[in-house]
Amino acid sequence: DGHVRFEEVAFGYEPERIILKGVTLDVPAGTSLAVVGPSGAGKSTLARLLYRFYDPTAGRITIDGQDIAQVKQDSLRTAIGIVPQDTVLFNDTIGYNIGYGREGATEADVESAAKGAAIDHFIAALPQGYESMVGERGLKLSGGEKQRVAIARTLLKDPPILILDEATSALDSRTEEAIQATLNDVARNRTTIVIAHRLSTVVGADQIVVLDAGRVAERGTHTELLAKG
Ligand code: ADP
Ligand code: ADP
């Protein structure tokens, strides 16, 4: 479950300005694809198309062979989890922030849902001292802690497809490394699309594509791309 394909996908926010062109990707279920490239290359746009914030102007995107244009919005939202770069948290408890989006979720609901999903990863993604912090209000969280809350929130859905849109790139390198370890762990056995600026942060990806000005400029494994320079 979770085989993602982009077939000759093109897109522009405005008709006269093409952002993506001829993008073909094949991400078998349970494998990872990293999309790297300079700012403005179209990486986030690609993620937005998979989540159907926008539809391609040409080509198609399928999940397990089904065109996502035919998939109900809620099924798509259930199947795909996104961890964004900048997480905006409510001025409320960590528990509320993690459970947000689950109707009437209490801390107890959040905890039991977490147990049903992936308890170890869930707890690992939380800020230190989770047990005592989860019900506290108005906490000042660091960037790294906020990202852990965002990861935990996404994992609650236990989505077969995970998009990490520069989820750690705003963090200092030590925090980035610590969270990267958690992410590598939760990405195992999920289809994962990692968006990153630097090749060095996606060493473990099964395949890497380099996006440049909306086109796939290179593709291969980390070793192959390093060899090409
Ligand atoms: P990346 O994630 O690689 O930095 P983006 O996908 O965010 O690139 O942006 C690709 C191009 O699309 C950029 O030229 C950007 O200015 C433009 N763009 C992004 N979002 C929008 C939008 N909502 N409306 C119009 N243009 C946009
Ligand atoms: P991200 O890539 O982190 O998701 P944004 O989507 O906010 O960030 O912006 C990506 C790029 O697209 C930025 O360069 C931004 O200036 C540009 N952009 C975002 N929204 C628009 C828009 N409505 N019109 C034109 N450019 C946009």
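The values are calculated or read from the model by the stated rules, or taken from the named source; none is laboratory data. Keep in mind that what you see is a predicted model, and the values were worked out from it rather than measured. FYI the Cβ positions are ideal-geometry reconstructions off the backbone, even for glycines, and counts take in every protein chain you see. Calculation scope for accessible area: heavy atoms of the full protein, side chains included, ligands and nucleic acids excluded. Shrake-Rupley method; radii C 1.70, N 1.55, O 1.52, S 1.80 Å.
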How much of VAL202 can a 1.4 Å solvent probe reach, expressed as accessible area in Å² and rounded to 10?
10
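Starting from the residue with the highest accessible area, list SER39, SER200 in decreasing order, probe 1.4 Å. Before the final figure, lay out the partial values.
Numbers: SER39 100, SER200 75 Å².
Largest accessible area first, the list is SER39, SER200.
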With every protein chain in place, the accessible area of VAL36 for a 1.4 Å probe, in Å² rounded to the nearest 10, comes to 10
Could you please state, rounded to a whole Å, how far the C-alpha centre of region 18-79 is from the C-alpha centre of region 179-223?
15
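For region 26-57, which chymotrypsin sites (Phe, Trp or Tyr not before Pro) are in a loop by DSSP, counting at most 15 other Cβ atoms within 10 Å? Display every interim value, and only then the final one.
Details: sites: TYR51, PHE53, TYR54; in loops: TYR51, PHE53, TYR54.
Taking region 26-57 and a limit of 15 other Cβ atoms within 10 Å, the loop chymotrypsin sites (Phe, Trp or Tyr not before Pro) found are PHE53, TYR54.
Find how much the distance from THR78 to PHE53 grows on full extension, using 0.36 nm per residue of separation minus their present alpha carbon separation; answer in nm with one decimal.
Values: separation 25, 0.36 × 25 = 9.00 nm, distance 1.46 nm.
Working it through step by step, the gained length comes to 7.5 nm.
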Which lysines, on any chain, are close to LYS21 with Cα under 19 Å apart, when same-chain ones fewer than 8 places away are left out?
LYS43
SASA check, LYS72, accessible area w/ 1.4 Å probe, all protein chains in place, rounded to nearest 10 Å², comes out at 150
The correct ranking of ARG188, ARG77, ARG219, ARG174 by accessible area at 1.4 Å, largest first, is ARG174, ARG188, ARG219, ARG77
Hey, with R₀ at 35 Å, roughly what FRET efficiency would ASP172 and GLN70 work out to, going by the Cβ-Cβ distance, to 0.05?
0.20
Taking H placed 1.01 Å from N in the peptide plane, check which residues at least 5 places from ALA34 or on another chain put their amide H under 5 Å from its amide H.
VAL194, GLN207, ILE208, VAL209
